[in-house]
Amino acid sequence: GSASVLVQRNPKFSKLNDEDVRYFEGILGAKNVIQDDEKLITANTDWMRKYKGSSKLLLQPRTTDQVSEILKYCNFRCLAVVPQGGNTGLVGGSVPVFDEVVVSLSAMSKIISFDKVSGILVCEAGCILENIISFLDNEGFIMPLDLGAKGSCQIGGNVSTNAGGLRLLRYGSLHGNVLGIEAVLADGTVLDMLKTLRKDNTGYDLKHLFIGSEGSLGIVTKKLLQEARRKLGEILSAFEFLDSNAMNLVLNHLEGARNPLPTSLHNFYVLIETTGSDESSDKQKLEAFLLGSMENELISDGALAQDINQASSFWLLREGIPEALMRAGAVYKYDLSIPVEKMYNLVEEMRSRLGNDANVVGYGHLGDGNLHLNVSTPQYDDKILSQIEPFVYEWTSKHHGSISAEHGLGLMKANKIFYSKSPETVKVMTSIKKLLDPNHILNPYKVLPCSSIS
Ligand code: FAD
Ligand code: MLT
Ligand code: ZN
């Protein structure tokens, strides 16, 4: 089985009827109430084509008030809802499990304001990350978040998954970079937490509840404040790694991928990026670092990108791994935080467990202690899955790691939360969920274990 997560439809939820559809058409206009088969297939299927729902309705609100009206009605009717951004999530969180209504934020994609003095950007939740990156680039600023899915993922989705990405090492997580959020609760209440203050110690900082809550507490809507910092401070901005299996996959499956060190295949590759305030001094420092590391035999070979095109071709080798894995067949994905010194032990143990049955690939954000352990096979096979799980979770828990470093829990790991969180903590989370969404209409079956919710 692909998704291998067995949940039952909660019978408490109503089934969608014609009257509901007419009601939504009244709020949004008929063209934003989508029942078209092709569009629904896309909205029901996740990026990996691993999780598939059977929703009959996709709603595309254009304003916060419309989101509020939708949720108010769904809460009253007990219709379950899945908030959806760019649908690039990797844990089955962004698609319906059964017939939940999909609320897409795609039509809310305006950049509202940007203040060059403070570096504060306000935008709607449906802004595509790459558009924000280019917008800031044109203004001479840097977006503190970047990831391989930038062409499709939306800032609202990034915030809701607390996406880590390729620049976390330098700029920190979204908890630090998001200054405010506007979100709509399950009952339609709009929470305006959009203060553009850097310091504001007035009670609980509720916005943090929504960062990383995977659409289970509210829908992040109209705006979000995002700090974009100038090129200052330490110059290191990324420290990514991939092993030879990952390198091979990309070279074999991605058009245009070229190994800058083609003489022999190495066991490990590290991709280092610097972003300093002075390009030529950056280059000098990096050259000296490369030479020094070779002399000291810390590394066996290296290459320095000479221009922006070469730099992007280096990045393709790292950012292209998820795509290459998808093209290679089935993939079992694990996104783990593990102390760096033990990180690769797990990859090796997994390799010896699985032998020739699978290609075990290791890559990730080394600078953040975040390993992406991926197992690639020609097709999904429950026998292989039973050799990977629960072993991988038990191993991570034993080494005091986290079973979701940056992708979230989604559907895939909702029942695995106890490997990383104590029962007491899960109980507090459940109480918060019950308080903010008493009918559990928001993203059901995800994030928290079904047993703790019902
Ligand atoms: P979706 O996939 O649509 O949704 C993700 C979750 O957020 C779902 O639970 C959904 O219900 C919820 N959600 C979406 N929008 C809203 C909203 N407005 N309000 C409330 N809830 C919402 N992740 C990393 O952390 N680091 C990486 O480096 C990284 N690289 C990736 C590379 C590739 C090629 C791919 C495919 C994925 C990668 N990811 C990475 C996974 C990451 O979670 C997503 O790419 C991204 O953050 C999700 O944004 P999205 O708009 O696609 O959200
Ligand atoms: C990455 O770092 O490339 C992403 O998190 C996607 C993945 O893990 O496959
Ligand atoms: Zn990642």
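Values quoted throughout were computed directly from the atomic coordinates according to the rules given, and no laboratory measurement underlies them. Not measured: the values here are computed from a predicted model. Methodologically, a virtual Cβ is constructed for each residue, glycine included, from the backbone with ideal geometry; neighbour enumeration extends over all protein chains shown.
Annotations
- Working note: Cα gyration tensor of the range 310-366, eigenvalues times five, square-rooted, sorted largest first, giving semi-axes of 22, 17, 9 Å.
- As an equivalent ellipsoid, the chain spans semi-axes of 37, 27, 20 angstrom, where each value is the square root of five times an eigenvalue of the C-alpha gyration tensor, largest first.
- Proximal charge balance of Leu271 [Cβ under 15 Å; K/R count +1, D/E count -1]: -3
- In order through the range 307-321: 3J(HN,Hα) via Karplus (6.51 cos²θ - 1.76 cosθ + 1.60), integer Hz, x for Gly, Pro: 8, 5, 5, 5, 4, 5, 6, 5, 5, 4, 5, 8, 5, x, 4
- Dipole magnitude of the range 11-139 about its Cα centre (Cβ charges: Lys, Arg +1; Asp, Glu -1), debye to nearest 20: 340 debye
- Sorted peptide list for 392-404, 441-453, criterion being average Cβ within 10 angstrom, highest first: 441-453, 392-404
- Positive dipole terminus of the chain, leading residue within Gly203, Gly408, Leu304 (C-beta point charges): Gly203
- Helical runs (DSSP H, four residues minimum) scored at -39500 (n - 2.57) apiece and divided by the length of the chain put the mean residue ellipticity at 222 nm at -10000 deg cm²/dmol.
- The lysines within cross-link reach of Lys383, meaning a Cα-to-Cα straight distance under 24 Å and a gap of 8 or more places when in the same chain, are Lys50, Lys52, Lys333, Lys398, Lys413, Lys416.
- Taking the alpha carbon gyration tensor of the range 389-446, multiplying each eigenvalue by 5 and rooting it gives semi-axes of 24, 13, 8 Å, largest first.
- Rg over Rh, two decimals, the range 111-227 (C-alpha only, Kirkwood Rh): 0.94
- Largest to smallest principal axis extent of the C-alpha atoms in the range 236-321, angstrom: 36, 27, 19
- For Val220, distant residues with modelled amide H under 5 Å away: Val184
- Cα gyration tensor category, rounded, prolate or oblate, for the range 47-126 with a/c compared to 1.5: oblate
- Here the range 248-325 and the range 141-163 have alpha carbon centers that stand 23 Å from each other.
- Among 264-270, 144-150, 294-300, the order from most to least packed when residues are scored by Cβ within 10 Å on average: 144-150, 264-270, 294-300
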